[in-house]
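The values are calculated or read from the model by the stated rules, or taken from the named source; none is laboratory data. Since this is a predicted model, take the numbers as computed values, not measurements. All Cβ positions, even for glycine, are placed from backbone atoms using ideal geometry, and neighbour counts span all protein chains on display. Heavy atoms of the whole protein, side chains included, go into the accessibility calculation; ligands, DNA and RNA do not. Shrake-Rupley method; radii C 1.70, N 1.55, O 1.52, S 1.80 Å.
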Amino acid sequence: MDKFRIRGGKPLSGTVTISGAKNSALPCLAASLLTAETVTLRNVPYVRDLITMRRLLEDLGCTVLVPELRTHRISAASVEQFEAPYELVKTMRASVLALGPLVARFGQARVSLPGGCAIGQRPIDLHLMALERMGARIEMQAGVVVATADRLKGADITFETVTVTGTENVMMAAALADGITHLYNAASEPEVVDLAELLIRMGARIEGAGTPTITITGVEALGGADHTIIPDRIETGTFIVAAAITGGALEITNCNPRHLLAVIDKLRTVGVTIDQTNDHKLEVAVSGRLKATDVTTAVYPGFPTDMQAQYMTLMTQAEGDSVITETIFENRFMHASELQRLGARIRVHGHSAYVHGPTPLTGAKLIASDLRASASLVLAGIAASGETWIDRVYHIDRGYEKIEEKLRSVGAEIERVK
Ligand code: UD1
């Protein structure tokens, strides 16, 4: 298993280029199952989860060509299998995104039920409820969701909880359903909007993506399209924190600052200088001390849960007490105890973490527990004095494209040890 060795304490400086959004590329790849024509996706990040999604599509019978790095040309003209098996779903929950497209286009899908994961239970009951409303028959067979349908029918669906992949799954299914589907309390994350834009290019009729009410008028068939994935807003936020926590200065390019206004606002309150030089570029610097500031995660456009761990690391270096409250997942503070091992003062109680800063961080051996937690440990490592080892970095490889190379290119001392 790969590890990272980090010698921290160096201010970062230079330019970092942001990759395409993992959480947008995943549903967009799944959407290619909705048509027999070729879908071309550009700016697909080179991360482990995308390799897994590509493997899933190939196992189903799709042809996936990669004519150049980060471009995927997918043909689902001859799909022969309709199953996302446990081996794939257990490594990547987003495999459930095959469910909606498969049942909508082929009338059948078998998707292994994802179990809980490090950050919480993460059920998919809302995905299943919505598909049932649209006329799918759902059965559980030995841990596998078996969905069958004649043509799905449009329906009015209210999500009890805002769910990102649930909204995406149902939006894809509704695109090929008979009649109109209204999704209420839908997720309005930029990744949902990006998927809707791809679907519209494929011929879908979708209105309201980016708001809590999405209306989809089903069509008989969808066609091919060429689409460029949006920049990764979480990677962008992670690099803003990287600049801030090392007292460095970074230019961050190929990003979309409009997609992370809540993060930028919060970090400015903390004392980070963030200048938007154009629509795709940010300049980040720190002058003076960082100020402890509370944060509560929320659905978009609120502060993203996927930035909570990185923010906690930053708060260990800010002056004063801060309260970090997690409202999306029930168990997303695994990084807190690892940060304590570096010297951080954090107390977790219920859904909140109480951080007292600043405390000097000193390198130690750490274990990554999930994707964003591992990012927070890398940030701690580059801020800490001495040497930090991070084990199980396969978590970070799921969603960050070559984070160690990007960090090294701006002055961090970090290496991958096989
Ligand atoms: C997506 C993102 C993930 C991010 C999360 C929240 C992808 C591939 N992953 O995950 O990075 O952290 O959104 O922004 O896009 N829930 C239910 N029943 C359901 C579905 C969800 O109770 O059927 C609950 C979940 O347990 C969780 C909350 O709803 O508490 C939000 O989860 P959801 O938005 O579905 O997360 P994902 O789509 O899995």
Which listed residue, of Leu99, Leu126, is within 14 Å of the ligand (Cβ to nearest atom), within 25 Å of Met202 (Cβ to Cβ), in contact with a Gly (Cβ under 6 Å, 6 or more places away or on another chain) and not hydroxyl-bearing (Ser, Thr, Tyr): Leu126
A careful count of residues in region 134-147 that are within 13 Å of the ligand (Cβ to nearest atom) and without any contact (Cβ under 8 Å) to a residue 40 or more places away in the chain gives 1
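Out of Ala77, Ala21, report the one residue that is under 25 Å from Leu152 (Cβ atoms) and either open to solvent by less than 60 Å² (accessible area, probe 1.4 Å) or not acidic (Asp, Glu) (or both). Let's see the steps before the verdict.
Details: Ala21 fails: under 25 Å from Leu152 (Cβ atoms).
Answer to the check: Ala77.
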Considering residues of region 148-160 that are closer than 22 Å to Val111 by Cα and within 14 Å of the ligand (Cβ to nearest atom) only, the residue farthest from the chain's Cα centre (by Cα): Ile157
State the number of residues belonging to region 335-356 that are in a strand (DSSP E or B) and touching a helix residue (DSSP H, G or I) at 6+ places or on another chain (Cβ under 6 Å). 4
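Pull up region 17-38, narrow it to residues that are assigned to a loop (DSSP other than H, G, I, E, B) and β-branched (Val, Ile, Thr), then point me to the one that is farthest from the ligand (Cβ to nearest atom). Let's see the steps before the verdict.
Of all residues in region 17-38, those assigned to a loop (DSSP other than H, G, I, E, B) come to 18-19, 21, 35-37.
Pick out the ones that are also β-branched (Val, Ile, Thr) and you get 18, 35.
Working: Ile18: 16, Thr35: 21 Å.
So, considering only residues that are assigned to a loop (DSSP other than H, G, I, E, B) and β-branched (Val, Ile, Thr), the one farthest from the ligand (Cβ to nearest atom) is Thr35.
Of the residues in region 148-175, how many are open to solvent by 10 Å² or more (accessible area, probe 1.4 Å) and either free of Cβ contacts under 8 Å to residues at least 40 places away in the same chain or over 30 Å from Thr327 (Cα atoms) (or both)? Break it down into steps so the answer makes sense when it comes.
First, the residues of region 148-175 that are open to solvent by 10 Å² or more (accessible area, probe 1.4 Å): 148-151, 153-156, 158, 160-165.
Those left that are additionally either free of Cβ contacts under 8 Å to residues at least 40 places away in the same chain or over 30 Å from Thr327 (Cα atoms) (or both): 148-151, 153-156, 158, 160-161, 163.
Counting residues in region 148-175 that are open to solvent by 10 Å² or more (accessible area, probe 1.4 Å) and either free of Cβ contacts under 8 Å to residues at least 40 places away in the same chain or over 30 Å from Thr327 (Cα atoms) (or both) gives 12.
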Over region 255-305, the set of residues assigned to a loop (DSSP other than H, G, I, E, B), surrounded by fewer than 20 Cβ atoms within 10 Å (Cβ to Cβ) and under 17 Å from the mean Cα position of the chain (by Cα) is Asn256, Ala298, Val299, Pro301, Gly302
Which of the residues belonging to region 383-418 are part of a helix (DSSP H, G or I), over 20 Å from Pro231 (Cα atoms) and touching a residue at least 60 places away in the same chain (Cβ under 8 Å)? Ala383, Tyr394
Does region 216-237 include one or more residues that are part of a strand (DSSP E or B), open to solvent by 10 Å² or more (accessible area, probe 1.4 Å), under 17 Å from Thr181 (Cα atoms) and without any contact (Cβ under 8 Å) to a residue 40 or more places away in the chain? no
Scan region 306-333 for residues that are farther than 19 Å from Ala368 by Cβ, within 10 Å of the ligand (Cβ to nearest atom) and open to solvent by less than 30 Å² (accessible area, probe 1.4 Å) and jot them down. none
